[in-house]
Amino acid sequence: MTLTTYRNKRNFKKTSEPYGEQKIAKDQSRQYLIQKHAASHLHYDFRLELGGVLKSWAVPKGPSLDPSIKRLAVHVEDHPLDYGSFEGTIPKGEYGGGTVMLWDKGTWQPQEADTYQAYEKGHMTFKLLGTRLKGLWKLIRLKNDPKNWLLMKVDDVYARRDYDITQKMLRSVVSKRSMDEISKHILSPKRTTTKPSTKSGKTKRASTKRFSAKQAKKTR
Ligand code: MN
């Protein structure tokens, strides 16, 4: 049972993260996602669906579109597939306590014939079909420590050297909320189904007011 470590680390009476079930992949569904996680240290959790779970790497600096930049990706415990829709705040004092933002999501396509073997070998090449990350990428395990991998962009039409995507994309890919809004449990304009109040004259527009990048940085 590959989710044992995930469950042992968490108290599900205190956190709203999913308990999760290991699903047997019936189809060729391959979920890909990144969660921006303001835990004790800010990092980006990079997740690829493989074998009924989300294989997971914590990338301290996040992905770079520049093929000359290799980002450390620390392999962490497998997460359940349900985790792919989690956005919210893990209570302080709990494992991974802090705000979690869905930063990118989509699907991935392995480039090796035997995907699991490529994972075991520690050399994976794959295409990302995310909202923000696209094209070919690599994850390569370092020889000195089995936990340490490198995430890098392959040079293709989606590679960019002059664009720091983690600094440009500061809102949730799903709810469009900033880290600050998620941590304050402010619902996204999209999820707000109630009609604007007629008494105060305030409309939905007020809730769509954008927070500045400076304010978003405060949460780190
Ligand atoms: Mn994390």
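Taken together, the values in this text are just the output of simple stated rules run on the coordinates, not laboratory data. Everything numeric in this text was worked out from a predicted model, so none of it was measured. Cβ coordinates were reconstructed from backbone atoms using ideal geometry, including for glycine residues, and neighbour counts include every protein chain displayed.
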- Query: Calculated FRET efficiency, S16 and K70, Cβ-Cβ r, R0 35 Å, to nearest 0.05?
  - Reply: 0.55
- Message: Starting from the 7 Å offset along Cα-to-Cβ, what nm value, one decimal, do you get for the label separation of N8 and L187?
- Response: 3.9 nm
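Please give me the summed charge of the neighbours of I34: other residues whose Cβ is under 11 Å from its Cβ, Lys and Arg +1, Asp and Glu -1.
Details: positive: K36, R47, K105, R132; negative: D45, D104.
Local charge sum for I34: +2.
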- Task: Could you work out how far apart the two model spin labels at Q167 and Y95 are, taking each label as a point 7 Å from the Cα in the direction of the beta carbon, and quote it in nm?
- Result: 3.5 nm
- Note on the structure: XL table K9/K36; K121/K153; K14/K176; K143/K168; K13/K61; Cα-Cα > 29 Å flagged, in table order, is K143/K168; K13/K61
- Message: Which residues does the label zone of Y158 cover in region 65-91, counting backbone N under 17 Å from a point 7 Å along Cα→Cβ?
- Response: 65-71
- Rounded if a/c is under 1.5, else prolate if a/b is larger than b/c, else oblate: which is region 58-120, with a ≥ b ≥ c the root eigenvalues of its Cα gyration tensor? prolate
